[in-house]
Amino acid sequence: MTTEFIVLLAVFLLVLLALAWPLGRFIARVAAEGTVPGLGWAAGIERALYRLAGPAATAGQDWKAYALALIAFNAVGALFVYGLQRVQAWLPLNPEGMANVSPDSSFNTAISFVANTNWQGYSGEQTMSILTQMVGLAGQNFFSAATGIAVVFALIRGFAARSSSAIGNFWVDLTRSTLYVLLPLSVILAVFLAGQGVVQNLSAHVDARLLEPVTYTVETNEARAETQVIPMGPVASQEAIKMLGTNGGGYFNANSAHPFENPNALTNFAQMIAILLIPAALCFTFGHMVGDIRQGWAVLGTMTLLFVIAAIAAFAAEQQANPLLTPLGVDQVASSLQAGGNMEGKETRFGIAASSLFAVVTTAASCGAVNAMHDSFMPLGGMVPMVLMQFGEVIFGGVGSGLYGMLVFAILAVFIAGLMIGRTPEYLGKKIQAYEMKMAALVILVTPCLVLLGTALAVTSATGTVGVSNPGAHGFSEILYALTSAANNNGSAFAGLSANTPFYNTLLGVAMWFGRFAVIVPVLAIAGSLAARQRLPATPGTLPTHGPMFVGMLAVVVVLVGVLNYVPALALGPVVEHLQLFGE
């Protein structure tokens, strides 16, 4: 490791911790459904919304009612985003005259943004109107993130409750998460990004005069270009919620590698912090809500341990020079950022250290924003982001989804420990019984089934393999990465796969929908089951779930269970590619 990377990683973790601690306490106040000091304007909006919705919008719900409300809301959101894309050509705020989006691409995009995946098979600045980006896509960035926060609130209440049938109210949790957490943080970050040069306007484009006009050939005649069309739009506002909500959909096709989305090293650092800020803060929220902050530290410690290992592995892989490019002398970049290593597909503004860390941050969380092309990473460097997603997006993970996924692994860990010592497993005073284990098994097995079955379908069908531009092990990795990203609701891509086809738009759309909601429903079932049980006091025989031993055990369970299903597939993809590259 270089000194630059060590310092960057250390500063990143320190800043993240310093910001997550107070935010976690604040979010606990939001979850408690009481008054939130300093946000009186939001409280007024909240009360007005409840009056419009009626008494049922604030009544306590059991897990089935909570799940039904959640799925109905997101289904309506998907239909709205789909319809908006299909008629955008006839709506206002479409100065470039964008055409209506095709049915299969509209389906994929609608599911993608509702499921907090934000997989994009299109170029944003060439496909979506300003209205579609602002109202449809950015709106779902808020609502999908708030849905994840609502689910983790419900699960934590299940642990904290003392025999109750209710786990909260979805509409209240959705409203308060949006008004008190996501909206204020997004405004702050958007103002900061705009101040640093991220574009924020309603202009479709500007015509910039070239300092050196370009002469090119059009058929048999020569033409001369003196201007360049530069896309514009409300980028800073969408960029803020894209990062804070772990959404990841870029306004521009180049995503956070685009200078209008990510102008400099400071905005790059701020975007990485924003991605992990709420997931890290929710760990402290968990500790406060269950009445034992040590529990939050244990979960955060497990996430951080695995995160640091992944970051070191990714950087070490990318610090190697590509043996195919070394003889050409094109990979040795001497600059103030770095010297040597694999710079293919990376911005020289960020270099290897910041690019590798960003790749780990965005795939440890279910964000999917990228500031470098993962398709150009070294085989093992590209495998690290893939494996982070295959863990189930629990190493920080998405907003809300990372914590509730990690808590499911914690349930599994205490169950295994209970079997080893011959005691009924308990977690936070709640006995873990057969029902919880069945639901936990569903949570853990849904995404591997979607990933592996989807990959098998893609690689064995002509319509799936036709989009592969890199045959062999790397092409297999591209397909495996795409299904892994979709089913785990990440949204990043290897970028070498032509996925904007009816086959992939449909396949990935199905994977995204079930990867999101087939996990959420059993999580809510666990919450309802735990809430109905008495919370038992700790005894001398109770397994401590807040110390280093539990952190180590939980990390081992995540690694073994989370990635064991994928070992054969990884061996056929990035592992084989690495051996081919360095084996000669």
Note to self: If I filter the stretch 464-481 for residues that are surrounded by fewer than 24 Cβ atoms within 10 Å (Cβ to Cβ), closer than 18 Å to residue 569 by Cα, more than 19 Å from the chain's Cα centre (by Cα) and of a type in the set (S, T, N, Q), do I get at least one hit?
What the structure shows: yes
Notebook entry, point to check: Between a first residue in the stretch 191-205 that is β-branched (Val, Ile, Thr) and a second residue that is surrounded by 14 or more Cβ atoms within 10 Å (Cβ to Cβ) and part of a helix (DSSP H, G or I), which pairs have beta carbons less than 7 Å apart while being 6 or more apart in sequence or on different chains?
Noted result: 198/235; 198/236; 198/239; 198/267; 199/235; 199/236
Margin query: If residue 312 meets every condition in (1) in contact (Cβ under 8 Å) with a residue 12 or more places away in the chain; (2) of a type in the set (A, V, I, L, M, F, W, C); (3) touching a helix residue (DSSP H, G or I) at 6+ places or on another chain (Cβ under 7 Å) apart from one, which number is that one?
Written below: (3)
Margin query: Just to check your reading of the model, which residue among 57, 78, 10 is aliphatic (A, V, I, L, M) and farther than 25 Å from residue 516 by Cβ?
Written below: 10
Margin query: List pairs: first residue in the stretch 41-69 and over 16 Å from residue 165 (Cα atoms) and of a type outside the set (A, V, I, L, M, F, W, C), second residue at pLDDT below 90 and not in a helix (DSSP H, G or I) anywhere in the structure, Cβ distance under 8 angstrom, at least six positions apart or on different chains.
Written below: 50/58
Check: Which of the residues belonging to the stretch 215-237 are of a type in the set (Gly, Ala, Ser) and either at pLDDT below 85 or farther than 25 Å from residue 256 by Cα (or both)?
Finding: 223, 225
Check: In the stretch 537-548, what residues are modelled with pLDDT of 80 or more and either among the aromatic types (Phe, Trp, Tyr) or closer than 18 Å to residue 422 by Cα (or both)?
Finding: 543, 544, 545
Notebook entry, point to check: If we keep just the residues of the stretch 189-228 that are loosely packed, with under 13 Cβ neighbours inside 10 Å and β-branched (Val, Ile, Thr), which is farthest from the chain's Cα centre (by Cα)?
Noted result: 220
Checklist line | Filter result (crowded, with 24+ Cβ neighbours inside 10 Å, of a type outside the set (Gly, Ala, Ser) and outside any loop (DSSP other than H, G, I, E, B)) within the stretch 361-382 | finding: 361, 362, 363, 374
Notebook entry, point to check: If you scan the stretch 403-433, which residues turn out to be more than 14 Å from residue 296 (Cα to Cα) and assigned to a loop (DSSP other than H, G, I, E, B)?
Noted result: 422, 423, 424, 425, 429, 432, 433
Next item on the list: Please enumerate the residues belonging to the stretch 98-121 that are under 25 Å from residue 397 (Cα atoms) and assigned to a loop (DSSP other than H, G, I, E, B).
Entry: 115, 116, 117, 118, 119, 120, 121
Next item on the list: Determine if the stretch 336-350 includes at least one residue that is modelled with pLDDT of 90 or more, surrounded by fewer than 24 Cβ atoms within 10 Å (Cβ to Cβ), closer than 30 Å to residue 145 by Cβ and not basic (Lys, Arg).
Entry: yes
Note to self: Take the residues in the stretch 160-174 that are of a type outside the set (A, V, I, L, M) and in contact with a helix residue (DSSP H, G or I) (Cβ under 6 Å, 6 or more places away or on another chain); name whichever of them is farthest from residue 140 (Cα to Cα).
What the structure shows: 164
Check: Pick from 503, 514: which is assigned to a helix (DSSP H, G or I) and in contact with a Ser or Thr (Cβ under 7 Å, 6 or more places away or on another chain)?
Finding: 503
Item checked: Breaking point among (1) surrounded by 17 or more Cβ atoms within 10 Å (Cβ to Cβ); (2) farther than 19 Å from residue 432 by Cβ, for residue 554 -> (2)
Notebook entry, point to check: Looking at the stretch 523-531, is at least one residue touching a Ser or Thr at 6+ places or on another chain (Cβ under 7 Å) and either touching a residue at least 40 places away in the same chain (Cβ under 8 Å) or not aliphatic (A, V, I, L, M) (or both)?
Noted result: yes
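The values are calculated or read from the model by the stated rules, or taken from the named source; none is laboratory data. Note that the structure is predicted; figures quoted are calculated from it, not measured. Cβ coordinates were reconstructed from backbone atoms using ideal geometry, including for glycine residues, and neighbour counts include every protein chain displayed.
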